Amino acid sequence: MSKLHIVAYLYRTFGKLLMLNGFDPTNLLSWKSIILITRIRLKPFESDGVNDYSERKDEFADTSKPFRHQSSRANVVLNAGEKLLEQTEMPSKFYFKKETPKALGGLKIGLRKLVVVTGASSGLGLTAASTLAKSGRYFVIMACRDIEKAEKVAKKSGMPDGSYSVLKLELASLQSVRDFVDNLKAFKSARPLTHLICNAAVYRPTEPEPAFTDDGFELTMGINHLGHFLLANLLLDDMKNAKGARCCIVGSITGNTNTVGGGLVYPFADLGDLSGFAQGGTNPIAMADGKPFFGAKAYKDAKVCNMMTVSELHRRYHDSTGITFSSMYPGCIADTALFREKRAWFRKGFPWFMKYVTGGYVSEKEAGERLAQVIMDPICDKSGVYWSWNGGAKTVGRWSPDGKPRGAGGSGGEIFENEQSDAVRDLPTAKKMWEYSSKLVGITS
């Protein structure tokens, strides 16, 4: 039996199972995962005297036809295939060349305030960018890795023509961050940047092995923290020339151990002694504390670094620059694409659980409006603040007459200054994080 026959057999017999595990017949990467299976040398699918369908009928209950006698070697291949399909295939390199600079942006910006939003092509970032653009008071720079996608979703979301521009930013490459800053300066000319929103993030909780950025950093920490750390530092000199400048780095309850999501849900954020950063933080080192890779913890650790960065930016630069530095928790956007690597049952059940049990659910639209509020609202001109809504998720929601639990950070409620955990406010660790991060990205204080 040829490899093509095997591929066809796998797809025909286990098509539904494959799709439940993320297979997309229109996606080239999905087919590459299937083809990888056939690279393992195996004999044709012939009977070895064992028909285990009856023992495994529940596992394959959704398939259209029972499979024939299947060898134990084939079982190994199918298990390997499932693992491949559950993982996200990462490119060996993320950034290749600098985008051609766009010019005459000053004419487009006009008298509006200029704001950069990272990760603006989906979810929270897109909604925030759209809210700001539609207000008529802001010109939005959508800082995204996929320019074509960003252009399409901007139009689809109804962002007015002439209210935005898309510039390439690949946070998995420090060179791309530097190129983005150069291109931004070329685009806006003498106009200062008024606001910066660091929102882009990746979440890889199911991955058993780490992936790495172009610079060798573990992907979650590299994108969520180090890329934004460099970006914010490179733009400080420009932002200090703008009146009422604000920089907001999106935080999370998962990085705050004084909340339900951060203090009761394993694993817990813990930077330890930052020995991973101290050792250079590059492949094969995958965690800030130097311990073995743990995907869910990597995300939480990066969020701790995000919130510590805001505190350090405020402590070091607010008085001298006048820039307002803040963080915020938008609520649990349980149906966001951030959870795309979770299994189908989780993606369906988690929003319901957060909405009706914990009360922590918030829609993408409301969450984006909250993020935009931190930039637009006069009440948010105080620096060094961690903003939250509706109780800040320190408890499970309390039931209310309108049927929506209150106090868990979910939909509704007023904005307030939330309290971060002791770990996030640990000044000695925050100082060490800043010093190590500066060295890792190649900047001097």
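Details
- In the range 164-254, Cα pairs under 8 Å separated by at least six residues give a relative contact order of 40 percent.
- Positive contributions from Lys and Arg (+1) and negative ones from Asp and Glu (-1), summed over other residues with Cβ under 13 Å from the Cβ of PRO284, come out at -1.
- Computed from point charges on the beta carbon alone (+1 for Lys and Arg, -1 for Asp and Glu), the dipole magnitude for the range 282-332 about its Cα centre is near 140 Debye.
- Residues whose amide H lies under 5 Å from that of VAL116, counting only those 5 or more places away or on a different chain, are ILE141, HIS195, LEU196, ILE197; hydrogens are built 1.01 Å from N in the peptide plane.
- Across LYS93/LYS431; LYS155/LYS240; LYS113/LYS365, pairs whose alpha-carbon gap is larger than 24 Å: LYS93/LYS431; LYS155/LYS240
- On the principal axes of its alpha-carbon atoms, the range 127-184 has extents of 32, 21, 17 Å, going from largest to smallest.
- Taking all protein chains together and a 1.4 Å probe, the residues THR206, THR220 rank THR206, THR220 from largest to smallest accessible area.
- Inter-label distance, nm, simple model (7 Å from Cα along the C-beta direction), ILE147/THR206: 3.3 nm
- Placing R0 at 41 angstrom, the Cβ-Cβ distance between ARG425 and GLU99 gives a FRET efficiency of 0.60 after rounding to 0.05.
- Summed residue charge, Cβ within 11 Å of PHE268's Cβ, Lys/Arg positive, Asp/Glu negative: 0
- FRET efficiency, ALA278 to SER92 (Cβ-Cβ, R0 41 Å, nearest 0.05): 0.90
The values are calculated or read from the model by the stated rules, or taken from the named source; none is laboratory data. Predicted model only: the values in this text are computed from it and were never measured. Using ideal geometry, Cβ is built from the backbone for each residue, glycine included, and neighbour counts are taken over all protein chains shown. Surface accessibility is based on the protein's heavy atoms, side chains included, excluding ligands, DNA and RNA. Shrake-Rupley method; radii C 1.70, N 1.55, O 1.52, S 1.80 Å.
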